[in-house]
1. For residue 48, indicate whether it is within 21 Å of the chain's Cα centre (by Cα), surrounded by 14 or more Cβ atoms within 10 Å (Cβ to Cβ) and under 27 Å from residue 205 (Cα atoms).
2. For residue 21, work out the one condition from (1) in a helix (DSSP H, G or I); (2) surrounded by fewer than 18 Cβ atoms within 10 Å (Cβ to Cβ) it doesn't fulfil.
3. I'd like the full set of residues that are of a type in the set (A, V, I, L, M) and either without any contact (Cβ under 8 Å) to a residue 12 or more places away in the chain or not in a loop (DSSP other than H, G, I, E, B) (or both), limited to the stretch 209-250.
4. Please pick out the residue among 262, 266 that is touching a Phe, Trp or Tyr at 6+ places or on another chain (Cβ under 6 Å), assigned to a helix (DSSP H, G or I) and closer than 14 Å to residue 157 by Cβ.
5. Looking for whichever is out of contact with any strand residue (DSSP E or B) (no Cβ under 7 Å at 6 or more places or on another chain) and either more than 26 Å from residue 156 (Cα to Cα) or charged (D, E, K, R) (or both) here; the options are 255, 275, 251. Which one fits?
6. Go through the stretch 38-74 and report how many residues are closer than 15 Å to residue 126 by Cα and either in contact (Cβ under 8 Å) with a residue 60 or more places away in the chain or in contact with a Phe, Trp or Tyr (Cβ under 8 Å, 6 or more places away or on another chain) (or both).
7. Among the residues of the stretch 169-195, what is the count of those that are modelled with pLDDT under 95 and either aliphatic (A, V, I, L, M) or in a strand (DSSP E or B) (or both)?
8. Taking the stretch 258-277, which residues are farther than 16 Å from residue 168 by Cβ, loosely packed, with under 14 Cβ neighbours inside 10 Å and free of Cβ contacts under 8 Å to residues at least 40 places away in the same chain?
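The values are calculated or read from the model by the stated rules, or taken from the named source; none is laboratory data. All values reported here derive from a predicted model rather than from experimental measurement. Here Cβ is always computed from backbone atoms with ideal geometry, including for glycine, and neighbour counts include all displayed protein chains.
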Amino acid sequence: MTNAWQRVGSVARGELGEARETLHHAAQLLALVGASYIPARPDDSHTSMRWLGDVGALATEIVEALRPFRVALRAADLTLLFLEASGRDAGVFPLSERTRDEAIAWLRARIGDAGRDPATLRTSLHFSITHRATDDGAPFVRQSGEALEELARWYGNANVVLEGQRARRTGAAEVRCWPHHFDIASLVTLSIASLQTIGIGMSPGDESISEPYFYVSPYPPPTSSFAPLDVGHWNTIDWWGALLPGTDIVAVTSANDQQALVTRFVDEAFNALVAPR
């Protein structure tokens, strides 16, 4: 994998839904590790994940142990990685055709080897996502084609843009992928009377929008309207904020132009929200 934008659009958006659900459910295994071994925080960020561009994987934070470790999920081939703090692989577990219980047993063995109590690993979280057969003992299935690889590109690209935004915006929090909604985002805390925060992120798709999209979402939502955006549009269904659908991004032919379009969208929406009114 890479830490540069990779062109997206080689897989039709209608082919990503099943792979997205598979990846989302597999990522709950990482959230279980965070919930079990990282000290709890009020915002639930101890269950969140980071994107590791060099291995193309979502990953927990470092877990303190006799041999500190993190657990990662390589998105393109649905593989669990047990990584030492240095980044070296200490274990690899392909999830395809394996069950959730088998994955948990493998994690417990690796966690015990690292010096933490394997019995502490939880098997459930305080929130739920859409139920799937893997919750009832069915094995994970790696979809044929390039759908998982395409999702890996979306997450990697989002991380590139969000880290760039974080580097130049005062008050921007670390880039995290949240296991509940499965979006990857940075939350910018503001010192503006009318706004507390603006979330900048990418969702791989959800129940209301079936394709990946970037968003810029303020809190609290404004009570007045804004002029139309040159890139993307203001969304008012289910949530309020600026939205750039994947359809608009993949219509651009080159990787550089795709990244430039997303950056332009984020900057325009953010600036509109913080401008004096």
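1. Here the answer is yes, as residue 48 does meet what is asked.
2. With respect to (1) in a helix (DSSP H, G or I); (2) surrounded by fewer than 18 Cβ atoms within 10 Å (Cβ to Cβ), residue 21 is out only on (2).
3. 216, 242, 243, 244, 249, 250
4. The match here is 262.
5. 275
6. Number of matching residues: 4.
7. 4
8. Passing the criteria: 275, 276.
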